[in-house]
Every structure is written in C-alpha cells, then in structure tokens.
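Working notes for the structure below.
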Amino acid sequence: MVSTVVERQPGVWVVEHPAARHELAILRSVDTGRAEFRAAAERLGFYLAHAAAANLAVEPIEVETPLCRTIAYQRTQPLVLVPILRAGMLLLPAFLRLFPEARIGYLGLRRDERTLKPELYYANLPPLRPGAQVFVLDPMMATGGSMETAVEFLCGWGATVLTAVCIIAAPEGIRRFRRNYPAIPIVTAAIDYGLNEQGFIIPGLGDAGDRAHGTGGEGEEAQP
Ligand code: PRP
C-alpha cells in the first residue's frame, strides 16, 4: 500500500489517492457540465476532508460491543466549517457528511478581476469553542489573497487551530500563504503550474464559482 496524502512541500499536503485524481480530471475538463462538476467536487471533498481531519483530537471511551467491552475512540474537538462564498460551498456537503455536528460559518469574498485583491463582503460566524478546529474551504488558491484574508479574519475572531482546504493551489498562492501563516497546513488535491496574466490558475479548472453556480465560464452557454 502507498501513502495517498503526501507532504509535497512543508505544510502542504497533497491528496494523491487515485480515486481523488479521477474526480480532479472531471473537474478540470471543459466538457464537464454543471451537475457533474458539483458531484465530482463533492466526491473529491471526501478525500480532502479525510486528509484534513488527520490530526483531530480523539479520546478513548469504553464501548460495549455485542460480544464484550472494549476501548474505542471518539472525536472531542469542536469543529467549524467555513466555506468561502461562493465556490467554497462545493466542499461543504462532503465535510458535513463526515462531521454532521460541525458548526458552520460563512465568509463572502470577491476577487476584483483587475487588481486581483479580495474584498470581504459577508461574514456570519458561529460561537467559537476553545480549541475548535476550523476548516477553511475554498476550491481555488490562486494568488492566495482570499485564503489569507479569510484566515486573518478568522484569527481576529479567535480561531487558533485552522486548516486551509482547497482543490487546486498555485505555487504563488502557496508561497504567500506559507510566508504569512507558516503554521497553518494546506490540504489540496493538486499543486498547479502557476498563474496566467489574468490571475487564473494554469492548468486549473476555470472559475469554480462560475462553473458551480451557472454564472458563466467555459462551456456554460451550451448548458440549459
Ligand atoms: C475565486 C476562488 C477563490 C479566489 C481565489 O473566487 O473561488 O475564492 O477566487 O483567488 P485568490 O487566491 O487570488 O484570492 P471569486 O472571487 O471568483 O468568487 P466566487 O467564488 O464567488 O466565484
């Protein structure tokens, strides 16, 4: 058996499970329609959630099986899922299936197409329990500005245990994020080649928010 989550750079964990790669191929393809794009993102989300949760705290408990008593383990760490609107919503269903009791906070961030600077337009966060693990969900880390702004806001709110979760990350974004937040792990399904002049990740998967919401992007006009 081989390890399917690999630390490709310090603090950057890449999910390389063959089944996750299959989902990523679907997401990358310009021929993938909206419904299948959402479905593939959800399936890939399970692999990302699994990798991101590797360090969750558990405590031993006694359990009575049908045959005898034994020691089992239960999660004790409060969880908060923070999808970055809009595209982060793609990853929420998988995380919620695995962690149904998690609290959910929303941050709305919009990247200015010209300056590439993110603008925070919405924040709605739940109460924060001490030591809570906060998973920040955004499929794309391009310049890293959106993830950085989100994490800055969440640290100001009081979060101390954070993990950045994305589907694809550009080296530029990773460098910036690691420089400013070296202790926060990044979990991603791929490290791509880089950014083009418009700030799009290459090869990337286009604009995840647009593809998921039907608001434009490659192949969109051919769909109902
Ligand atoms: C996209 C993407 C990330 C961000 C990444 O969002 O979903 O949030 O850009 O870019 P960055 O790393 O350079 O900040 P966008 O602003 O297009 O909003 P959307 O999710 O509503 O489509």
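What the table shows:
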quantity: Matching residues, the range 114-140, being away from the ligand (no atom under 14 Å from the Cβ), on the phi < 0 side of the Ramachandran plot and not in a strand (DSSP E or B); calculated: Leu125, Pro126, Pro127, Leu128, Arg129, Pro130, Ala132
quantity: Residue satisfying all of: in the range 86-113; more than 12 Å from the ligand (Cβ to nearest atom) and assigned to a loop (DSSP other than H, G, I, E, B); surrounded by the most Cβ atoms within 10 Å (Cβ to Cβ) among these; calculated: Gly105
quantity: Pair list, Cβ < 6 Å and 6+ apart or interchain, from the range 130-157 residues that are in contact (Cβ under 8 Å) with a residue 40 or more places away in the chain and open to solvent by less than 10 Å² (accessible area, probe 1.4 Å) to residues that are part of a helix (DSSP H, G or I) and more than 16 Å from the ligand (Cβ to nearest atom); calculated: Phe135/Ala52
quantity: Test: residue in the range 8-27 that is touching a Phe, Trp or Tyr at 6+ places or on another chain (Cβ under 6 Å), open to solvent by 70 Å² or more (accessible area, probe 1.4 Å) and free of Cβ contacts under 8 Å to residues at least 60 places away in the same chain; calculated: no
quantity: Ala49 vs. criteria of a type in the set (A, V, I, L, M, F, W, C) and either surrounded by fewer than 21 Cβ atoms within 10 Å (Cβ to Cβ) or outside any helix (DSSP H, G or I) (or both); calculated: no
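Yes/no per residue for (1) within 12 Å of the ligand (Cβ to nearest atom); (2) touching a Phe, Trp or Tyr at 6+ places or on another chain (Cβ under 7 Å); (3) at pLDDT 95 or above:
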| site | (1), (2), (3) |
| --- | --- |
| Gly156 | no, no, yes |
| Leu162 | no, no, yes |
| Ala170 | yes, no, yes |
| Tyr181 | no, no, yes |
| Ile184 | no, no, yes |
| Val187 | no, yes, yes |
| Ala190 | no, no, yes |
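The values are calculated or read from the model by the stated rules, or taken from the named source; none is laboratory data. Everything numeric in this text was worked out from a predicted model, so none of it was measured. Glycine also receives a Cβ, built like all others from the backbone with ideal geometry; neighbour counts cover every protein chain displayed. Side chains included, ligands, DNA and RNA excluded: accessible areas come from the protein's heavy atoms. Shrake-Rupley method; radii C 1.70, N 1.55, O 1.52, S 1.80 Å.
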